[in-house]
Amino acid sequence: MIRIAKGNESGSLLNTLLRISLLAGACILSACSSGDSETKAGQNKVDAASSAIVRDGLLSYAPEDYYQKGEGKSGGTLRATVAADTTTFDVHSISHGNVQWLGRILYDGLVYQDEQGNISPWLAKSWEISPDGKTYTFHLRDDVTFSDGVRFNAEAVQVNLEHMRDPATKSPLAAAYIRPYLRGRIVDEYTFEATLSEPYSPFLDVLAQSWLSMISPKQIRENPKSIAEHPIGSGPFVLESYVRAQGANFVKRADYNWAPPVVRHKGPAYLDRIELTFVPEAMIRYSSLQSAQSDFTLDAPAQNAQAIRADPALRFHSRVRKGNPFRSLTLNVEKAPFNDVQIRKALALAIDREGVAWITGFGEYEPKSDFLAANSRYYDPSFKNALTYNVAEANRLFDQAGWTTRDDKGYRTKDGKRLSATVLITENPAFPNSVAVAIQADARKVGFELNIELLPLAVITDRRYVGDYQALGGGYWHTNTPDGLYILYHSNSIASEKLIGQNSSRLRDAELDDVLERARKSNDPVELKALYSQAQRRLTEVVPAIPSYESIHMIAYRSYVKGVVFDTSHNTPLFIGVWLDKGAP
């Protein structure tokens, strides 16, 4: 169900939500929703957990999407499919998107966001923050164990934070998130004190993310390499077996009883087992679900979304991830021609996001041209049209930059040189070659030659870390805090010998740096709203990348799968409350 909280909404986000609702054939829309319209929608096949609300350009989901509404039935095996293997279960060492839900199966976090995005307890019962914002004192639960029998305590927190930032872990995400962490102190067995080098208001938000989950300290100390294939966590399930590129089986912990209070689940998971199969082919994931050979897919194919919605035996959910939207191009501002902001902005205006989103998402993706997801805290929709498709303005900017003449191929030239760049891409279902070709065609229309170079991921990664490229194709950065803008665009986030940085545009902008630094030091919501608004405005002016559409996670499952709720940080499913009702009509 999609609910509009305020009339006269405009813009493509709402249009897409409306389109999705019409495709579902079950959503009742009105300028101001009433309890009556919600009730009617609920009587159709659309699960109440799929509700979304658009208010003043901001997207949110109903609070009840995030907690268990009733008791489930214990027992049974869930057969699930997913497109890709993460290749390691050491969540500290990777930035793979699967960790968003996979981490919640095996591990627990120190804290958890509530339905409104505020920080709430999990393994930490409470905490205090010093007046200078540099010291966090966590008071921990005393009844939690890892699956190897080791007790969770202050030492476990300390060992985990050290593992995240250990250069040997090669963390591309967790290490950057806790970079201000200076040292830890074990006050007593269940009290841990973390000291930061500077005030860092997103600290608790990032600790709520699945990539920063707690791993057995014994395993980290004695055999850290074993985490990759034999992980030991404190989560509701334990890994029973794993075969690379084929699948993984999980069994529940009978003694688990420490789910986040926000989720409202008591005791162990309902499911006895989860059997996860890696299925790269979208059609096979869909057909196996349709034929009941599987119960659940964590990568519902966009091209089959309409068919899934139309099938009364299936359920479908599409959820926008918080953080930074999907980028079609990241532009290296240190390399010509993207060292000229007019060229960056002109190319951004020349790309048809509606077309790009359609090619990839078959009508399921929301075109996007600003730099924060619409459901991110402090998202400001004021700048959503600053870089929308505008060929006339793109041509004007190219002319203004001096690229006024054309060669015999129709490409723009300046001082006898063609306006040209190369984008590096790799095999990636989220950014298929067809999208790169469509962008290339759009660029061609305004006289910009965009060459495409297909390379192995490892090669692109190496070149990315040394800045050896003009542009990179594809990518998104999901996070539960607007501080993701710092991770992607602050000059401190440029990769170096000491940091696996994510600022791939290699942007160094003093104004943006200042705003993002001040945001990290503030806890004042009014000031934060103003600072992040300035950051979003500035990004549409300096254009380090070209956002294309919201980052969306789509799942589908058989109708007898019950109890699906979503993680508050990641908008991905939680499995602790999932149960099977195969006797249901």
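For the reader, a short list of remarks on this structure follows.
- Taking THR481, THR145 and ordering them by how much accessible surface each has at a 1.4 Å probe, largest first, produces THR145, THR481.
- Measuring r between the beta carbons of ASN257 and ALA430 and using R0 = 45 Å, the FRET efficiency lands at 0.75.
- Pairwise FRET efficiency - GLU128 versus ASP524, Cβ, R0 = 22 Å, nearest 0.05: 0.75
- Integer Hz, Karplus 6.51/-1.76/1.60 couplings in order for the range 178-188, x for Gly and Pro: 9, 4, x, 5, 9, 7, x, 9, 8, 6, 7
- Residue-averaged [θ]222 nm for the chain, counting only DSSP H segments that reach four residues, each worth -39500 (n - 2.57): -8000 deg cm²/dmol
- Debye-formula intensities of the range 329-395, expressed as log10 I(q)/I(0) at q = 0.15 Å⁻¹, are -0.57 (one equal scatterer per alpha-carbon, no solvent).
- When the residues ARG141, ARG412, ARG537, ARG55 are ordered by accessible surface, computed with a 1.4 Å probe over the protein chains alone, the sequence from largest down reads ARG55, ARG537, ARG141, ARG412.
- Segment VAL466-GLU511, length gained on full extension (0.36 nm per residue, minus Cα span): 13.7 nm
- Pairwise alpha-carbon distances in the chain exceed 45 Å for 14% of all pairs.
- Out-of-range pairs (alpha-carbon distance over 20 Å; input LYS266/LYS562; LYS73/LYS562; LYS134/LYS498): LYS134/LYS498
- For the pair SER382 and ARG418, label points projected 7 Å from Cα toward Cβ lie 4.2 nm apart.
- Taking N as the residue count of the range 489-585, its C-alpha radius of gyration divided by 2.2 N^0.38 Å amounts to 1.63.
- Accessible-area value, GLU229, 1.4 Å probe, nucleic acids and ligands omitted, Å²: 70 Å²
- Accessible carbon and sulfur surface of the range 46-137 relative to its total accessible area, %, 1.4 Å: 51 percent
- Counting only heavy atoms of the protein chains and using a 1.4 Å probe, LYS414 has close to 70 Å² of accessible surface.
- A Förster distance of 60 Å, applied to the separation of the beta-carbon atoms of ASP581 and ILE186, puts the FRET efficiency at 0.85.
- Cα gyration tensor shape of the range 90-206, rounded if a/c is under 1.5, else prolate or oblate by comparing a/b with b/c: rounded
- Near TRP579, the amide H atoms lying under 5 Å from its own belong to LYS562, GLY563; only residues 5 or more places off or on other chains count, and H is placed 1.01 Å from N.
- Computed over protein heavy atoms with a 1.4 Å probe, the accessible surface of the range 466-585 works out to 32 Å² per residue.
- 0 to 90° range, to nearest 10: angle between helix 154-165 axis and the chain longest Cα axis: 20 degrees
- Among the listed pairs LYS368/LYS445; LYS69/LYS582; LYS170/LYS322; LYS125/LYS218; LYS69/LYS521, those whose Cα-Cα separation exceeds 28 Å are LYS69/LYS521.
- Phi angles of the range 140-151 translate, via the Karplus equation with coefficients 6.51, -1.76, 1.60 and θ = phi - 60°, into HN-Hα couplings of 9, 5, 10, 10, 10, 10, 7, 6, 8, x, 6, 7 Hz per residue; Gly and Pro are given as x.
- Difference of contour (0.36 nm per residue) and Cα-Cα distance, ALA245 to ASP407: 53.5 nm
- Over the chain, relative contact order from alpha-carbon pairs under 8 Å, at least 6 apart, %: 19 percent
- The residues of the range 139-242 expose on average 37 square angstrom of accessible surface per residue, using a 1.4 Å probe on protein heavy atoms.
- ASP143 paired with LYS73, simple spin-label distance in nm, labels 7 Å along Cα-to-beta-carbon: 2.9 nm
- Nonlocal amide H pairs with LEU329, under 5 Å, H built at 1.01 Å: GLY474, ILE546
- Between the range 232-291 and the range 426-501, the C-alpha centres lie 32 angstrom from each other.
- Qualifying GluC sites (Glu not before Pro) for the range 395-453 [loop in DSSP, other Cβ within 10 Å: at most 16]: GLU427
- A simple rule links phi to the HN-Hα coupling: the Karplus curve 6.51 cos²θ - 1.76 cosθ + 1.60 with θ = phi - 60°, which for the range 454-465 gives 8, 9, x, 4, 4, 5, 5, 4, 4, 5, 5, 5 Hz, with x for Gly and Pro.
- Quick note on the range 322-363: its Rg to Rh ratio, both from C-alpha atoms and Rh being the Kirkwood radius, is 1.06.
- Once the Cα gyration tensor of the range 153-300 is diagonalised, semi-axes √(5λ) in Å: 33, 18, 16
- Rg and Dmax of the range 261-311, both derived from C-alpha coordinates alone, stand at 14.2, 38 Å.
- Normalised by the number of residues in the range 430-585, the average gap of Cα pairs under 8 Å and 6 or more apart makes the relative contact order 14 percent.
- Here, the range 182-268 is characterised by an Rg to Rh ratio of 1.02, where Rg is the alpha-carbon radius of gyration and Rh the Kirkwood radius.
- Debye log10 I(q)/I(0) at q = 0.25 Å⁻¹ for the range 216-312, Cα point scatterers: -1.19
The values are calculated or read from the model by the stated rules, or taken from the named source; none is laboratory data. Fair warning: this is a prediction, and the values are worked out from it, not measured in the lab. As a convention, Cβ positions derive from the backbone with ideal geometry for all residues, glycine included, and neighbour counts pool all protein chains shown. Side chains included, ligands, DNA and RNA excluded: accessible areas come from the protein's heavy atoms. Shrake-Rupley method; radii C 1.70, N 1.55, O 1.52, S 1.80 Å.
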